[in-house]
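Input: a single structure, listed below in structure tokens.
A short reminder: the numbers here are calculations on the coordinates, not readings from a lab. Keep in mind that what you see is a predicted model, and the values were worked out from it rather than measured. Here the Cβ is made from the backbone with ideal geometry for all residues, glycine too, and neighbour counts use every protein chain on show.
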Amino acid sequence: MLSKEKAYQLLIEGLAEPDEIRYVAHSKYVGDLAGMIAKELSLDYEYATVLGYLHDIGRKYESDNHIYAGYEYLKNNGYEDYAFICLTHSFLNNDIECICGCFLSPDSRGYREVKEFVENHPYTMYDKIIQTCDLLCLHSGGTTLEDRIEDIEQRKGTHHKSLYHKETAFSQKEEIEKLLGHSIYDFYDSL
Ligand SMILES: [Fe+2]
């Protein structure tokens, strides 16, 4: 089992100035927020934190297709138990088209494998927590779901299923908040 310290080391190793890199700061916030949620839900705090730290690790290897690059990296380097998060974090509802921004291109490397994995991987609360935290955390910390989705769509555009993604994201956040008994935003003071 990876510790959160080791996962963070994996994320930053080889990077010249990790503190200056936006996806590193974003991943740290995603992991820390996911850990706080998991802890309060009596889930595995460390595991949730590790998944958050690692979900975007593929950005280090291939910025255009970070999903598949991260999956390959973790799978090929002895961390196969965590590789799934690189694929599942962007796609809600076991649906490769339930994504914020633009669709994954059918021409992208590994597309068929990603699609098959996403459609068949049983999503757990950990997947949902990471997906939700990914849609709440900027490189500068937590924001609202509305603002984060707007931020992604401004950069990556929209598609004909964007509203469906947005509605799914909101209901997933509400599902978690119902279990918590309070808003996820309440954690932002401790982030
Ligand atoms: Fe992310």
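Take the cross-link list 60/156; 156/178; 60/178 and give me the ones stretching past 29 Å between alpha-carbons.
From the list (60/156; 156/178; 60/178), the Cα-Cα distance tops 29 Å for 156/178; 60/178.
A simple spin-label model places the labels of residue 120 and residue 103 2.2 nm from each other, with each point 7 Å out along Cα-to-Cβ.
Counted by Cβ distance under 13 Å from residue 53, the other residues give a net charge of -1, where Lys and Arg count +1 and Asp and Glu count -1. Just round it to a whole percent: the fraction of Cα-Cα distances in the chain exceeding 27 Å. Value for the chain: 21 percent of Cα pairs lie more than 27 Å apart.
Peptides 37-47, 126-136, 99-109 ranked from most to least packed by the mean count of surrounding Cβ atoms within 10 Å: 126-136, 37-47, 99-109.
Counting 0.36 nm for each residue step from residue 170 to residue 94 and taking away their Cα separation leaves a gain of 25.8 nm. Near residue 144: Cβ cut-off under 11 Å, other residues only, Lys/Arg at +1 and Asp/Glu at -1. The net charge is -2. Length available on full extension from residue 111 to residue 44: 0.36 nm per residue minus the Cα-Cα distance, which gives 21.0 nm.
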